[in-house]
Structure formats: structure tokens, C-alpha cells
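Here's the structure we're looking at; comments come further down.
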Amino acid sequence: MHCEEIPVFLRKTIAVLATTAALSTGLVGTAQAATVLTYNSTGAGQFQAAVDKGAEVWNSSVTNVKLRKTTGRANITVTWDTGWPRARVTSLGRGSWIMGTQAVNEGHDTVRISSHEFGHLLGLPDRRTGLCTDLMSGASAGTSCKNPNPSAKEKAEVEGNFRTAATVQATTFVDAA
Ligand SMILES: [Zn+2]
């Protein structure tokens with residue numbers, strides 16, 4: 001088959017049309033804006049610093065969602081009590097979690113508890129693998145485990161949850177040892 005060379009003016013037109021189409025579908029040059037979730041930890045008492053550190057862990061681990069502290073109305077409410085840590089997820093990024101002193105008194109790390117519970121709000125379930133490198137292994141990794149960071153797989157899962165606005169069933173996770 002014989003192909004004529006495309007004239008310059010047509011090539012330019014084609015290039016402009018391609019760029020316009022790509023821009024209109026958001027495929028070029030626009031990184032996805034992060035979902036911002038607010039959390040209010042004024043009810044977390046002496047654990048507020050640990051709560052903030054858990055939020056910072058996620059903020060430095062993923063790009064599609066960011067946790068922002070507020071003292072007003074929030075997507076996520078954090079409190080403390082004397083039971084086991086637990087999270088009540090109503091939908092992706094919405095709900096509450098509780099810092100439970102039963103786990104703290106046993107020696108579990110408060111920052112790991114915080115990032116674990118935020119993990120539930122970000123759509124991650126419990127996976128009791130016993131591995132300290134997994135954040136969602138929770139108490140199964142033992143009290144010697146101080147790792148507050150999600151694994152690469154856990155990070156990727158959260159990125160995916162917020163890239164696709166995943167549907168998360170309402171669930172309460174109780175993190176008893
Ligand atoms: Zn859990």
C-alpha cells in the first residue's frame with residue numbers, strides 16, 4: 001500500500017485534536033487530586049500525639065488520600081476508653097475509632113495502634129498474619145512489634161480504594177489480642 005505523507009498543517013491539526021481529547025478526558029498532566037479526610041481527636045485524651053503520628057504515617061505513605069486534623073465536624077472521630085482498640089467504619093473514610101487502654105496496658109505500641117485503626121477507615125480489613133511488617137496483622141505480631149508503617153501491598157490497596165472510590169461495607173473491627 002502506498003501512503004502519502006501527511007501535510008504539515010494536517011499533522012499540526014491532528015496533534016492539537018489529540019491533545020484536546022486527552023485533556024478533556026483528564027489523561028494528560030493532571031495527577032489525581034487527593035481525597036482529604038478530616039479527623040477530630042479531641043476526645044483521645046493523652047493519646048492525641050499518637051493519633052497524630054498514626055495519621056502522619058499514612059500521609060507519608062500514600063498520595064490518593066490525606067488525613068487532616070480538625071477540632072470541628074470531621075469524617076473520622078477518634079476517642080479513647082478502657083476496652084480493646086476498635087474501629088467502626090460506616091463507609092470508606094467515614095466512621096470512628098477508639099484507642100483502647102486494654103491493648104496499651106498489655107504493651108502494644110500506641111502509634112502502631114493508631115495507624116492500624118486509621119487503616120480500617122481507609123478500607124483495610126484485619127489480616128492476622130503474625131508479621132510485624134504488616135500493619136493490619138495488628139496484635140497478632142506481638143507486643144514487641146512497634147512498626148507503624150503499612151506494607152507495600154497495604155499502601156497499594158489504600159491507593160486503589162481511593163482511586164476507584166471503592167465501596168466498603170459498614171463494619172466494626174475489634175482488635176482484641
Ligand atoms: Zn484491626
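Report the local net charge at Tyr39: Lys and Arg +1, Asp and Glu -1, summed over other residues whose C-beta lies under 15 Å from its C-beta. Each step should come with its number before you reach the end.
On the way: positive: Lys53, Lys66, Arg68, Lys69, Arg73, Arg88, Arg94; negative: Asp52, Glu56, Glu117.
The answer is +4.
Return the inverse of the average 1/r over all pairs of distinct C-alpha atoms in segment 40-174, which is the Kirkwood hydrodynamic radius, in Å to one decimal. If you can, show how the numbers build up before the last one.
Details: mean 1/r = 0.0691 Å⁻¹.
14.5 Å is the Kirkwood radius here.
Take each peptide in 59-66, 142-149, count the other Cβ atoms within 10 Å of every residue, and average; sorted highest first, the result is 59-66, 142-149. Surface composition of segment 52-102: carbon and sulfur make up 46 percent of the accessible area, probe 1.4 Å.
When the dipole is taken about the Cα centre of segment 40-174, and only Lys, Arg (+1) and Asp, Glu (-1) are charged at their Cβ, what size is it in debye, to the nearest 20? Don't jump to the answer; show the numbers that get you there.
Values: 15 positive and 11 negative charges, 68 e Å.
Roughly 320 debye for segment 40-174.
The values are calculated or read from the model by the stated rules, or taken from the named source; none is laboratory data. Since the structure is predicted, the reported quantities are computational estimates derived from the model, not experimental observations. Note: ideal-geometry Cβ built from the backbone for every residue, glycine included; neighbour counts use all protein chains shown. All accessible areas refer to the heavy atoms of the entire protein, side chains included, with ligands and DNA or RNA removed. Shrake-Rupley method; radii C 1.70, N 1.55, O 1.52, S 1.80 Å.
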